[in-house]
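In what follows, a single structure is set out as structure tokens and then discussed.
The values are calculated or read from the model by the stated rules, or taken from the named source; none is laboratory data. These numbers were taken from a predicted model, which means no experiment stands behind them. Glycine gets a Cβ as well: all are built from the backbone with ideal geometry, and neighbour counts include every protein chain shown. Remember, those area values only see protein heavy atoms, side chains included, never the ligands or the DNA or RNA. Shrake-Rupley method; radii C 1.70, N 1.55, O 1.52, S 1.80 Å.
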Amino acid sequence: MEPTTFVLFGATGDLAKRKIYPALYNLFVDGKLPQSFSLFGLGRREWTDESFRANVEQSVRQFSRREAEDGDSLQRFVRMFRYSVLDIGRKEDYASLLKRVEEREEALGAPPNRLFYLSVGPDFFETIAAHILESGLGSERGWKRLVIEKPFGHDLASARELNRKLSQTFAEEEIFRIDHYLGKPMVQKMGALQQANPAIQALWTNRYIANVQITASETVGVEERAGYYDHVGAVRDMFQNHMLQLLMMAAIHLPHESSSEQVRFKKKKVMQAVVPLQKQDVAAKVVRGQYAAGAISGKPVAGYLSEPGIAPGSMNDTFVAAKLEIDDIYWRGVPFYIRTGKRMKEKSTRIVVEFKEPLQSSSPSGEERGAPNLLVFEIGPKEGITLQLNTKEDGEFKPLRVELHGAQDNVPEAYENLIHDALRGDGTFFAHWDEVELSWQWVQPILDAFADDLAPLRPYAAGSYGPAEAAELLARDGYRWWFDEEPETISEKGEQYAYNANY
Ligand code: NAP
């Protein structure tokens with residue numbers, strides 16, 4: 001990897017502490033940082049290099065997936081860190097930063113390759129990009145990259161405006177938009193599984209697949225994020241970005257050796273083929289929900305409207321489910337059902353591919369039918385891939401769940417994968433502007449319909465699987481959400497029929 005100076009805006013913030021420093025530490029331990037690497041942390045707080053290093057050390061000890069190693073590895077790690085006080089709006093602060101960065105690069109004999117990581121609110125993106133250009137921090141003698149966090153815009157118009165402004169300083173290939181779902185190891189494996197396996201490739205069409213179900217459910221409520229979340233809702237916070245990225249990753253068809261450009265091109269093709277929604281159709285194809293009081297793991301919890309900081313009578317969505325159709329040769333006629341919500345029964349991110357039922361025709365009575373075959377990708381909190389087949393015992397069909405890939409311990413976190421890719425300049429698992437724009441385009445009629453109250457807000461009890469209408473969305477097509485049952489029953493079944501393919 002080329003020598004790099006990592007310039008971190010928001011170095012005193014929560015995300016840096018919980019995710020970025022632990023991720024960098026694990027990359028360091030794995031030998032995945034450039035040989036010549038320096039990090040400049042920035043914030044308004046009057047920290048020194050020493051107090052910054054102490055904070056970084058503390059965050060590694062608290063949040064790293066690996067225990068901080070004894071010996072001097074943590075010390076060697078934090079010695080690469082420096083801190084500069086910088087107020088984003090103050091031009092002079094960029095000049096002092098540039099001076100320090102240049103001195104450091106000179107001491108290391110390193111070219112001015114600079115990665116700017118913006119772990120700050122999106123309102124600052126434009127100002128920072130303009131100052132990077134003006135101050136000379138974005139030197140033309142080396143490369144420059146911009147890593148940004150979500151949210152990228154609040155709607156289609158604001159996302160376009162933000163992109164226009166950023167593109168005055170950074171070219172598209174220099175911008176790395178983080179969607180941390182793309183950094184999750186299972187999401188990254190999904191593409192590889194298809195690319196490397198002709199058997200999966202052959203099955204990956206409407207000839208064999210009946211429907212695809214994508215769920216991301218959380219058990220937590222709005223927590224301390226009321227001020228932000230009450231203006232954003234599940235549709236902006238989860239659906240426009242993470243859920244549609246999962247849809248693209250599930251639906252792409254990748255040639256064996258795919259470059260980053262090919263992946264982006266294919267994802268864009270998928271999104272372009274998603275049948276657009278009209279505002280007046282939103283009520284029929286999208287379920288808008290909000291959690292009411294209920295119980296999570298047997299403990300009573302408040303409804304959304306009783307949470308601190310939520311506007312009285314708020315109509316904000318904490319749950320969204322939708323049916324999408326992809327009009328291309330692979331997926332025509334295969335519904336993709338997507339749902340995401342807070343205060344749901346279980347914490348889970350999962351993709352279920354349901355196959356068509358050849359057994360149906362061979363048993364006119366229907367009684368002898370086995371369950372459909374299912375390919376299940378567990379993305380989190382535990383990862384795994386299972387294939388549900390049918391077997392017959394005592395003349396009766398029984399599901400046989402074959403574990404193709406079990407949960408693994410201590411896998412790299414999404415942020416490790418993504419920061420490593422950004423350091424290498426590999427944009428495969430970042431959200432390209434075309435994808436972001438097409439996603440906002442698809443979601444915009446939903447935002448408009450919600451704003452005009454054209455889709456009824458459906459309450460659901462905390463600790464449930466969401467509003468009953470989300471189940472009806474599938475029932476109308478003759479399907480149901482898989483695994484919506486008591487978790488105990490699932491694990492019992494899993495144990496009863498588990499067969500580990502490795503044995
Ligand atoms: P945070 O804890 O509030 O931290 C904000 C950071 O911005 C602080 O380091 C603060 O430093 C800095 N800052 C604010 N105003 C500044 C100014 N005028 N000049 C210089 N620095 C300034 O926020 P966070 O949770 O770390 O989140 C950072 C960004 O990531 C946000 O955009 C958020 O939407 C996004 N994000 C966060 C998460 C998460 O899990 N936390 C997840 C996804 C995306 P000083 O106070 O020292 O100035």
Checklist line | Criterion violated by Ala471 - all others in (1) touching a Lys or Arg at 6+ places or on another chain (Cβ under 8 Å); (2) open to solvent by less than 40 Å² (accessible area, probe 1.4 Å); (3) of a type in the set (Gly, Ala, Ser) satisfied | finding: (2)
Checklist line | the stretch 215-232 residues that are touching a residue at least 60 places away in the same chain (Cβ under 8 Å), paired with ones that are part of a strand (DSSP E or B) (beta carbon under 6 Å, 6 or more apart) | finding: Thr215/Arg339; Thr215/Arg350; Ala216/Thr340; Ala216/Thr349; Ser217/Gly341; Ser217/Met344; Ser217/Ser348; Thr219/Ile296
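Within the stretch 245-364, which strands (runs of 3 or more DSSP E) (wholly inside it) include 2 or more residues that are of a type outside the set (S, T, N, Q) and surrounded by 14 or more Cβ atoms within 10 Å (Cβ to Cβ)? Walk me through how you get there before you give the answer.
Values: elements: 286-292, 294-296, 299-301, 319-325, 335-341, 348-355.
Output list reads 286-292, 294-296, 319-325, 335-341, 348-355.
Kindly establish whether Asn55 is within 30 Å of Asp409 (Cα to Cα), within 15 Å of the ligand (Cβ to nearest atom) and polar (S, T, N, Q). Explain how you work it out, then say what you get.
Working: within 30 Å of Asp409 (Cα to Cα): yes; within 15 Å of the ligand (Cβ to nearest atom): yes; polar (S, T, N, Q): yes.
In short, yes.
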Checklist line | Segments classed as helices (runs of 4 or more DSSP H), wholly inside the stretch 76-194, with at least 2 members that are more than 16 Å from the ligand (Cβ to nearest atom) and hydrophobic (A, V, I, L, M, F, W, C) | finding: 91-108, 156-166
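Could you run through the stretch 1-29 and say how many residues are within 16 Å of the ligand (Cβ to nearest atom), open to solvent by 20 Å² or more (accessible area, probe 1.4 Å) and not hydroxyl-bearing (Ser, Thr, Tyr)? Steps first, answer last, please.
From the stretch 1-29, those within 16 Å of the ligand (Cβ to nearest atom) are 6-24; that's our starting set.
Add one more test, that the residue is open to solvent by 20 Å² or more (accessible area, probe 1.4 Å), and what stays is 12-15, 17-19.
Within this subset, residues satisfying the condition of being not hydroxyl-bearing (Ser, Thr, Tyr) are 13-15, 17-19.
Selection size over the stretch 1-29: 6.
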Next item on the list: State which residue is nearest to the chain's Cα centre (by Cα) when the search covers only the stretch 99-119 and only residues that are open to solvent by 30 Å² or more (accessible area, probe 1.4 Å) and more than 17 Å from Ser135 (Cβ to Cβ).
Entry: Pro111
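Hey, does the stretch 35-45 have a residue that's in a helix (DSSP H, G or I) and either touching a helix residue (DSSP H, G or I) at 6+ places or on another chain (Cβ under 6 Å) or within 16 Å of the ligand (Cβ to nearest atom) (or both)?
Taking the stretch 35-45 first, the residues in a helix (DSSP H, G or I) are none.
The answer is no; no qualifying residue exists.
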Notebook entry, point to check: Of the residues in the stretch 167-191, how many are more than 12 Å from the chain's Cα centre (by Cα), open to solvent by less than 40 Å² (accessible area, probe 1.4 Å) and modelled with pLDDT under 95?
Noted result: 3
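Restricting to the stretch 374-431, give me the number of residues that are in a strand (DSSP E or B), under 16 Å from the mean Cα position of the chain (by Cα) and of a type in the set (A, V, I, L, M, F, W, C).
Of the residues in that region, 2 qualify.
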Next item on the list: Give the stretch 33-58 a look and list any residue that's in contact with an Asp or Glu (Cβ under 8 Å, 6 or more places away or on another chain) and open to solvent by 30 Å² or more (accessible area, probe 1.4 Å), or say none.
Entry: Arg44
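Residue by residue through the stretch 168-199, note down the ones that are touching a residue at least 60 places away in the same chain (Cβ under 8 Å) and either farther than 18 Å from Phe430 by Cβ or among the hydroxyl-bearing types (Ser, Thr, Tyr) (or both). If you could, list the steps in order and put the result at the bottom.
Filtering the stretch 168-199 down to residues touching a residue at least 60 places away in the same chain (Cβ under 8 Å) leaves 172-173, 175-191, 193-196.
Residues satisfying the conditions are Tyr181, Leu193, Gln194, Gln195, Ala196.
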Margin query: So Asp72 passes all but one of these: (1) open to solvent by less than 10 Å² (accessible area, probe 1.4 Å); (2) out of contact with any Asp or Glu (no Cβ under 9 Å at 6 or more places or on another chain); (3) of a type outside the set (A, V, I, L, M); (4) away from the ligand (no atom under 13 Å from the Cβ). Which condition number does it fail?
Written below: (1)
